[in-house]
Amino acid sequence: MAKNEIQVHQQQEKKKVKIKPYEHRTQYHETDPQGIIHHANYVKWMEEARMNLLDQLGMGYKQMEELEIISPVLSLSIEYRSAVKFDETVLIDTKLLSYDGLGMEIAYRIYDKETGEDKAIAKSKHGFLNKSGIPISLKRIYPELDTKFFEFKH
């Protein structure tokens with residue numbers, strides 16, 4: 001496959017794809033002195049969940065980097081609802097809220113695997129740049145990738 005080509009997973013039938021939540025078991029090193037997960041770790045979990053989402057959509061970040069596409073964070077917001085502690089398992093639902101070829105916005109729901117209790121609700125916005133840091137339009141440069149994003153936008 002040439003460097004400027006993209007391999008996109010094709011669906012045989014038009015059916016709704018179920019995105020599986022990202023699962024994370026909290027680690028001791030993620031806690032603060034009070035035994036609660038430090039707030040900065042939620043950003044790391046969001047990044048992991050975003051990579052998981054892109055992989056499930058058939059356009060993993062490694063593939064995007066091979067095409068010299070980078071997707072930096074432009075903004076993020078987190079509303080903490082309930083403390084997470086060591087040795088708990090959280091699930092993170094991700095949803096592609098918006099996409100316009102120049103960027104995307106993703107929503108996250110972080111919740112307790114056992115109880116379903118919301119731990120945090122978050123959003124992140126990302127742009128698309130080439131390896132030189134210049135903004136690019138996926139619609140213009142990679143129309144097949146652009147189409148794939150539009151298929152999965154909620």
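Considered as a group, the residues in the range 20-73 that are charged (D, E, K, R) and farther than 30 Å from F150 by Cβ include one that is farthest from the chain's Cα centre (by Cα), and that residue is D32. Looking across the range 33-62 at every residue that is in a loop (DSSP other than H, G, I, E, B) and at pLDDT 95 or above, the one that is least open to solvent (accessible area, probe 1.4 Å) is identified as H38.
Of all residues in the range 86-107, those that are outside any strand (DSSP E or B) have Cβ atoms under 6 Å from Cβ atoms of residues that are β-branched (V, I, T) and surrounded by 14 or more Cβ atoms within 10 Å (Cβ to Cβ), 6 or more apart or on another chain, in F86/T26; F86/T31; E88/T26. Note on the range 53-78: among residues that are in contact with a strand residue (DSSP E or B) (Cβ under 8 Å, 6 or more places away or on another chain) and of a type outside the set (A, V, I, L, M), the one that is farthest from L97 (Cα to Cα) is E68. Apart from one condition, L76 fits all of (1) crowded, with 16+ Cβ neighbours inside 10 Å; (2) outside any strand (DSSP E or B); (3) in contact (Cβ under 8 Å) with a residue 24 or more places away in the chain; (4) not β-branched (V, I, T); the exception is (2).
The values are calculated or read from the model by the stated rules, or taken from the named source; none is laboratory data. The structure presented is a predicted model; accordingly, all values stated were derived computationally and were not measured. As a convention, Cβ positions derive from the backbone with ideal geometry for all residues, glycine included, and neighbour counts pool all protein chains shown. Areas reflect the complete protein model, heavy atoms only, side chains present, ligands, DNA and RNA absent. Shrake-Rupley method; radii C 1.70, N 1.55, O 1.52, S 1.80 Å.
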